[in-house]
1. I need ARG179, ARG114 ordered by Cβ neighbour count within 10 Å, fewest first.
2. Stretch GLU73-THR133 to full length: gain in nm at 0.36 nm per residue minus the Cα-Cα span?
3. Sorted by mean Cβ packing within 10 Å, highest first, what order do the peptides 62-68, 165-171 take?
4. Sticking with the crude label model, points 7 Å out along Cα→Cβ, report the distance from ASP199 to LEU81 in nm, one decimal please.
Amino acid sequence: MTDRLTRPEPGAVWLGILLRQFPELSQELTPSRTAASSSSSGRSTRSAPGAPIRLFVSDTIRDITDGVVELEEAVCERLRLPRPRRGTVPERLTRLIGLLDRVAAHPVLAEHVRGEARRMARRCSLALGDTETPVRVRGRCVHCDSVSLRVFPHRETVLCVNPGCRCQDPLCACRTDVRHRHSWARAEWQHLAEAAHADPAELSAAQETADRGEGAAR
């Protein structure tokens, strides 16, 4: 029981982060505080122009809104519940959190909820200005033999951060774009570990440690 209390269910962690942070996205689209202060001071001065709308924040709001609606509908369908009524994103997130005990009885559904909640929470955090800290892991890049493999938790991706890394594929962008980095999605980690003489458990542990640390910091 103590372990459950100290290490909450990941889906609940990510939904909770999203519930707390989503309202901050709307604040990012409001006029600057300076303009608001001048307006509330009662002075008869012309209003300062609002801050330029950050399109990536607008896109994030739209993506998360659609994602939360689709996730709640999928959960209700799988649990054989009536189609959810309309509601704001925070209202839908609160309802989803309330269903997590029932979701836990369906491992595939629970994993889907966890993955989607994490994806949306991370996108929200990035839109609010959070940065991503890579985690160094052992093993050598299969292309350049450099000890430059890093796990990027937000993207669930391993990247070779060696700017001089080149592969044998003549069509690969590494030959024409200096910003290109060879990468491996999580589904490829087992194969990468075998080829790079890395430990697949270490790759997963780096991801999970970042998940726990990020969740505890919120």
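We did not get these values from a lab; they are worked out from the coordinates using the rules stated. Everything quoted here is computed from the prediction, not taken from an experiment. Neighbour counts are summed over all protein chains in view; Cβ atoms, including those assigned to glycine, are modelled from backbone coordinates with ideal geometry.
1. Lowest count first: ARG179, ARG114.
2. Additional length available on full extension: 18.3 nm.
3. Result, highest mean Cβ count within 10 Å first: 62-68, 165-171.
4. About 4.1 nm separates the two model spin labels.
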